[in-house]
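Worksheet for the structure shown next.
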Amino acid sequence: MKESLSAGRDEFFPGFVQNFYTAGDEMVASGAVVNDSIAMCLQSDQDAALACIDAFGTTDFREDLKDVTVPTLVLHGDADGIVPFEGSGQRTAATIDGAQTVLIEGGPHGVNATHPDEFNKALLDFLG
């Protein structure tokens, strides 16, 4: 990812955003959401963007999760091809005592933007 980003932001970010909003083989975000996301990515500082790749690719929070004692909601799309539920959300929920899990059908990594009604309902139900 760092090589691709270093080689060209104008090529990297559209592909990154496409993956972010793809569920299976289907783009599930609107054109406006995709375009807005690409525009936001292009505003980033290059050094910060490269550092983000290091951070999310190498930071391990598993030990920290054991110390979480507040009510916790794990929201995840079941079609997240970037960070599949089984490798992240499911493990997070299993590690945090009493965590509630909502798995949103057809949801990609950017499930909050592609499935806002389901996402917001789950969040409001949890907070209620």
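Each reported figure results from applying straightforward, stated rules to the coordinates on display, with no laboratory input. Just so you know, these numbers come straight off a predicted model, no measurement behind them. Here Cβ is always computed from backbone atoms with ideal geometry, including for glycine, and neighbour counts include all displayed protein chains.
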From the list V33, V17, pick out the single residue that is part of a helix (DSSP H, G or I), touching a residue at least 40 places away in the same chain (Cβ under 8 Å), of a type in the set (A, V, I, L, M) and closer than 27 Å to D117 by Cα. V33
Could you please find all residues in region 70-87 being out of contact with any His (no Cβ under 9 Å at 6 or more places or on another chain), surrounded by fewer than 17 Cβ atoms within 10 Å (Cβ to Cβ) and among the β-branched types (V, I, T)? V70
Just checking, does region 56-78 include any residue being closer than 17 Å to H109 by Cα and in a loop (DSSP other than H, G, I, E, B)? yes
Scanning for something in a helix (DSSP H, G or I) and either touching a helix residue (DSSP H, G or I) at 6+ places or on another chain (Cβ under 6 Å) or without any contact (Cβ under 8 Å) to a residue 12 or more places away in the chain (or both), does region 94-103 turn up at least one residue? yes
Within region 47-64, the residues that are within 18 Å of M1 (Cα to Cα) and free of Cβ contacts under 8 Å to residues at least 40 places away in the same chain are D47, A48, A51, C52, A55, F56, T58, T59
Please find, within region 76-128, the residue that is farthest from the chain's Cα centre (by Cα) out of those that are under 20 Å from G57 (Cα atoms) and among the acidic types (D, E). E86
Which residue is surrounded by the most Cβ atoms within 10 Å (Cβ to Cβ), if the candidates are limited to region 113-124 and must be touching a residue at least 12 places away in the same chain (Cβ under 8 Å) and of a type outside the set (V, I, T)? H115
Within region 90-98, identify whether any single residue is within 19 Å of V68 (Cβ to Cβ) and touching a strand residue (DSSP E or B) at 6+ places or on another chain (Cβ under 7 Å), and answer yes or no. yes
Per the list (1) under 21 Å from N120 (Cα atoms); (2) in a loop (DSSP other than H, G, I, E, B); (3) in contact with a His (Cβ under 9 Å, 6 or more places away or on another chain); (4) of a type outside the set (G, A, S), residue check on Q90 breaks on (2)
Here are the criteria: (1) in a helix (DSSP H, G or I); (2) surrounded by 11 or more Cβ atoms within 10 Å (Cβ to Cβ). Tell me which single one P108 does not satisfy. (1)
